[in-house]
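Note sheet for the following structure.
Only the coordinates and a few stated rules stand behind these numbers; no lab work does. For clarity, every value in this text was computed on a predicted model and none was experimentally measured. Here the Cβ positions follow ideal geometry from the backbone for every residue, glycine too, while neighbour counts run over all protein chains shown.
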């Protein structure tokens, strides 16, 4: 019985872990020009399995052929529209985790997955590189390079219901243990 209760407590605790970990960014710099009105945005969401879902949305006049993140290492990308994962050396610095959409272009609104199961506990681990002044980078068919920065970070906060259930499970464990010690 104790093992069952302990498993339930562990399950409740684990299920309340980092589910709302999100980074939003904006592509607001054009190489050779300087600051511009945002040309697009990027969102990184931590998936329950420890991978990161990435979504890019650019203005409709751009045809992208690559997007990358300034991370400490190269992380595998999957679930891409068309293309493969890569690293980019650019006029704005080196970006270790990225995708390339050759021979055709990425659409202006696309998603992919970064990392392998269990690799991340927070999306902030993905943009910790020191190779550029920018967190994100995009490249279009006209050869333009766009730099992007993090505009907001939403760290995981356990929801009140999960905390309450966890507390009730702990109370139940304590009651079972107390009852067991009184019987002896």
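Between residue 153 and residue 182, the FRET efficiency from the beta-carbon distance, with R0 = 35 Å, is close to 0.10. The tail of the calculated P(r) for region 19-154, taken as Cα-Cα distances beyond 26 Å, holds 12 percent of the pairs.
Sorting the segments 29-36, 126-133, 144-151 by their mean number of nearby beta carbons within 10 angstrom, highest to lowest, gives 144-151, 126-133, 29-36. Segment residue 61..residue 121, full-extension length gain: 18.1 nm, with 0.36 nm per residue of separation and the alpha-carbon distance subtracted.
Applying 1/(1 + (r/R0)^6) with r as the Cβ-Cβ distance of residue 168 and residue 111 and R0 = 45 angstrom yields a FRET efficiency of 0.75.
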